[in-house]
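Computed from the coordinates by the stated procedures, all read-outs in this text should not be read as laboratory data. Bear in mind that the values here come from a model prediction, so they are computed numbers and not experimental data. Cβ placement follows ideal geometry from the backbone for every residue including glycine, while neighbour counts extend to all protein chains displayed.
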Amino acid sequence: MAGLIRRSFDTPEEVRPFEDGMGELALVNLDAGPVGRAVFQPGWQWSKHVKPIAKTESCQAAHLGYFVSGRMKIVMDDGEEVEYGPGDFMVCPPGHDAWTVGDEACVVIDWQGFADYAKR
């Protein structure tokens, strides 16, 4: 039987900064896989601040996440779009761009898509 496990985003195993100081991804590693907390600063956009790291035309990560604060708009390659905010749960397949909406940082906890996200 497994014992209790405690991890904290205050002391993550890894931190990956986005381009131009527009936020960062903190990762904690669990047996089931990494869990990430991303802070996307106002003005952040995937195609400007992660695309140079990922080197793909759109984000190819699938996300399973929860929005803690701030707002984000996600537009799929096929044109489908949704705006998410605090309290929203997100399932997002690969093939999208995203950006923060408004003047508040957007904080997202993701259980699926951050293993290789913004990895240099």
Within 14 Å, Cβ to Cβ, of residue 29, how many net charges do the neighbouring residues add up to if Lys/Arg are +1 and Asp/Glu are -1? 0
When you count, for each residue, the other Cβ atoms within 10 Å and take the mean per peptide, how do 91-97, 39-45 rank with the highest first? 39-45, 91-97
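Compute the relative contact order of the chain as a whole-number percentage, counting only Cα pairs closer than 8 Å that sit 6 or more residues apart in sequence. Intermediate results must be reported in sequence, preceding the final value.
Details: 283 pairs, mean separation 36.0, N = 120.
About 30 percent, as a whole number.
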Which residue, 80, 104, 19, has the most motion in a Gaussian network model of the chain that connects Cα atoms within less than 10 Å? 80
Note the per residue figure in Å³ for the convex hull of the C-alpha positions in the stretch 14-110. 93 Å³
